[in-house]
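Notes for the one structure printed next.
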Amino acid sequence: MVEPMNWISEVVRPRIKTLFKRETPENLWVKCPDTGQMVFHKEVEANHWVIPGSEHHLKMSAAARLKMMFDGGTWIDVALPEVATDPLKFRDEKRYIDRLKDARGKTGLQDAFKIGFGRLGGIPMTVAVQEFGFMAGSLGMAAGEAFVRGAEKALEKRTPYILFSASGGARMQEGILSLMQMPRTTVAVRRLRDARLPYIVVLTNPTTGGVTASYAMLGDVHLAEPGALICFAGPRVIEQTIREKLPDGFQRAEYLRDHGMVDQVVHRHQLKETIARLCGLLLKLPASALAEPAAEPIPEMA
């Protein structure tokens, strides 16, 4: 038996759908993880990826971070050294080299660091930013070399070295070669200290694992963004190990500040001013040296 055609569903609705069809961008709205509030993507981007109202700090790309920090949004990229691409020929569900290609295509970066040289609050500055979008900002040989290169540039130019950390920890696909970056980066920090150059760390969400266990916790001053997860092992792993419920806010920036592991929790909109002021104090600069954002050109790289 042939079923009668439903003229409403078969004829009218498709035509109406076609008539009123509109292409809606997938990223038109951003949902606040805290409140569930829906906010226009452009509004959040203009607010430096801070949700208006709840003030929840979303992850921020390395390029956007550098643009926010440097005077006039301009800087000179520090060339980063090349390393062996896949020294262990590692493979799990995918080949490591294929994961690298995907991450490079997604972020436009060669690895998990982007380093810039320019002026911040009128002061020449070297700023290193970890890109969480590149394999969770994990620490491998390329990231370790990049951090060391940034420290060398700060030593060469006699500038403060500012780090924005965001990482899931060491990169397992590089095994012991990844873990070797922990002492290497520690030596680079010691060279900065010997040269009496400020090394300021801004801990962003999340900063975990081997990065927390090395250069992220060796700063002269430790700042953190509100709500950032900062830890070696995550709270779930700790709870499963000790079989106890952890305190509310455990391993978050505010909890670490209250227990002496972080010096100050700073809203993203106040970071530039805070870092410029700290560097001026640590370098013992006169107040007149803190120029207006566009007062001085970017110093020459060479």
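Points to keep in mind about this one:
- Amide H to amide H distances under 5 Å link L120 with D71, M125, where only residues 5 or more positions off or on other chains count and H is placed in the peptide plane.
- For the chain, the Cβ-based charge dipole about the Cα centre amounts to some 320 debye (Lys, Arg positive; Asp, Glu negative; other atoms uncharged).
- Degrees separating the helix 96-107 axis from the principal Cα axis of the chain, which is the longest one: 90
- Evaluated with a Cβ-only charge set (Lys, Arg +1; Asp, Glu -1), segment 31-183 carries a dipole of roughly 160 debye about its Cα centre, given to the nearest 20.
- Segment 62-151: proportion of alpha-carbon pairs further apart than 22 angstrom, %: 30
- Beta bridges by DSSP in the chain, antiparallel share as percent, to the nearest 5: 45
- Accessible surface calculations at 1.4 Å, restricted to protein heavy atoms, place segment 21-167 at 48 Å² per residue.
- Per-residue Karplus couplings for segment 228-239, computed as 6.51 cos²θ - 1.76 cosθ + 1.60 with θ equal to phi - 60°, are listed in order as 5, 7, 10, 6, 8, 9, x, x, 5, 5, 5, 4 Hz, Gly and Pro entered as x.
- Each Cα pair under 8 Å and six or more residues apart adds its sequence gap; the mean of these over the residue count of segment 162-203 is a relative contact order of 65 percent.
- With all protein chains modelled, accessible area of R149 [1.4 Å, Å²]: 70
- The residue list W29, A146, G280 was ranked by how far each Cα lies along the charge dipole of the chain toward its positive end, using unit charges on Cβ atoms, and A146 comes out on top.
- 0 to 90° range, to nearest 10: angle between helix 141-157 axis and the chain longest Cα axis: 40
- Simple rule: put +1 on each Lys or Arg Cβ and -1 on each Asp or Glu Cβ in segment 58-103, find the dipole, and look at F90, V78, A63; the Cα lying farthest toward the positive end is F90.
- The Kirkwood hydrodynamic radius of the chain, based on inverse pair distances between different Cα atoms, is 21.3 Å.
- Annotation: amide H of F113 within the under-5 Å range of E131, sequence separation 5 or more or interchain, hydrogens built in the peptide plane.
- The simple spin-label model puts a point 7 Å past each Cα toward its Cβ; for M261 and R104 those points are separated by 3.6 nm.
- For segment 261-276, Karplus couplings with θ = phi - 60° (6.51, -1.76, 1.60), whole Hz, Gly/Pro x: 8, 10, 6, 7, 9, 10, 4, 4, 5, 9, 5, 4, 4, 5, 5, 4
- Accessible carbon and sulfur surface of segment 67-134 relative to its total accessible area, %, 1.4 Å: 49
- Filter on K59/K101; K31/K94; K94/K245; K67/K94; K114/K245 - keep pairs with C-alpha separation over 29 Å: K31/K94; K94/K245; K67/K94; K114/K245
- Residue-wise HN-Hα couplings along segment 184-196, as the Karplus relation 6.51 cos²θ - 1.76 cosθ + 1.60 with θ = phi - 60° gives them from phi, are 5, 5, 5, 5, 4, 5, 5, 5, 5, 5, 4, 7, 6 Hz; Gly and Pro carry x.
- Stokes-Einstein D (µm²/s) once Rh is taken as the Kirkwood radius of segment 188-288 over alpha-carbon pairs, at 20 °C in 1.002 mPa s: 145
The values are calculated or read from the model by the stated rules, or taken from the named source; none is laboratory data. Not measured: the values here are computed from a predicted model. Using ideal geometry, Cβ is built from the backbone for each residue, glycine included, and neighbour counts are taken over all protein chains shown. Note: areas computed on protein heavy atoms with side chains; ligands, DNA, RNA excluded. Shrake-Rupley method; radii C 1.70, N 1.55, O 1.52, S 1.80 Å.
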